[in-house]
Amino acid sequence: MSQPHTQETTYTDELLADRSVHRRYSDGRQEWRSRGSRGEVRWRDDRGDAGTDEPLGRDLVKRTFDNGRVLYGREGGYGRTLWSNGVLTVNRTSLGGRMGTVLAAVAGGALVGAVLAPPAFLSPDEEEELRREAEAQVGGAGGGEGGEGGEDAGYGDWGDAGGAEDDFG
């Protein structure tokens with residue numbers, strides 16, 4: 001089931017010399033992101049928030065803030081992620097993100113398609129099952145580079161976390 005989003009925020013990424021990423025959002029927020037050993041992304045922003053983004057299954061992301069708050073996101077292709085708080089993030093760094101923006105503008109979003117709503121809540125057992133599925137996909141895919149045709153948003157090893165082509169929008 002699709003969910004209308006309440007806010008759209010675009011972002012661009014810049015790969016830094018230390019292999020971390022500096023993300024700039026259209027709302028003025030900035031984030032610094034680094035990949036962990038299990039595919040998770042540790043982030044902090046310029047507004048005092050920090051946390052971890054973790055892939056759950058093929059297209060779900062769990063964002064856990066250091067204060068315990070949790071959001072879930074669903075990757076929707078073309079560099080788009082719909083979050084459980086109604087925010088749609090669009091990656092303008094990648095070709096997919098730019099193409100998604102162009103298609104949405106030209107066709108009112110009809111060609112891009114609606115992004116399925118992420119869950120508002122998952123139990124620990126449901127999360128663990130999704131983690132097992134993600135590990136099986138990565139292990140059986142010969143490297144696990146997924147997402148939009150294997151596109152990796154130009155980050156080298158940043159894109160091989162099992163389907164998170166734009167590294168957790």
| message | Which pairs turn up if I take residues in the range 33-47 that are under 16 Å from LEU16 (Cα atoms) and look for partners that are open to solvent by 100 Å² or more (accessible area, probe 1.4 Å) and among the small types (Gly, Ala, Ser) with beta carbon separation below 7 Å, at least 6 apart in sequence or on another chain? | response | none
| Restricting the range 137-146 to residues that are assigned to a helix (DSSP H, G or I) and out of contact with any Lys or Arg (no Cβ under 8 Å at 6 or more places or on another chain), the residue that is modelled with the highest pLDDT | VAL138
| said: Would you confirm whether or not the range 127-136 contains a residue that is at pLDDT below 85 and closer than 29 Å to THR10 by Cβ? | reply: yes
| field | Filtered residue count, the range 101-126, keeping only those that are open to solvent by 70 Å² or more (accessible area, probe 1.4 Å), touching a Phe, Trp or Tyr at 6+ places or on another chain (Cβ under 9 Å) and either at pLDDT below 55 or among the hydroxyl-bearing types (Ser, Thr, Tyr) (or both) | value | 0
| task | Scan (1) within 28 Å of GLU126 (Cβ to Cβ); (2) outside any strand (DSSP E or B) for the single condition ASP18 breaks and write down its number. | result | (1)
| task | Just need a number here: residues in the range 63-77 that are of a type in the set (Phe, Trp, Tyr) and either open to solvent by 30 Å² or more (accessible area, probe 1.4 Å) or free of Cβ contacts under 8 Å to residues at least 24 places away in the same chain (or both). | result | 1
| query | Within the range 37-55, how many residues turn out to be at pLDDT 95 or above and part of a loop (DSSP other than H, G, I, E, B)? | reply | 4
| message | Considering only the range 32-54, I want to know if a residue exists there that is farther than 27 Å from ARG131 by Cα, open to solvent by 70 Å² or more (accessible area, probe 1.4 Å), in contact with a strand residue (DSSP E or B) (Cβ under 6 Å, 6 or more places away or on another chain) and of a type in the set (D, E, K, R). | response | yes
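The values are calculated or read from the model by the stated rules, or taken from the named source; none is laboratory data. What you are looking at is a predicted structure, and each value in this text was computed from that prediction instead of being measured. Reconstructed Cβ throughout: ideal geometry from the backbone, glycine too, with neighbour counts over all protein chains shown. What goes into the accessible areas is simple: the full protein's heavy atoms, side chains included, and nothing from ligands, DNA or RNA. Shrake-Rupley method; radii C 1.70, N 1.55, O 1.52, S 1.80 Å.
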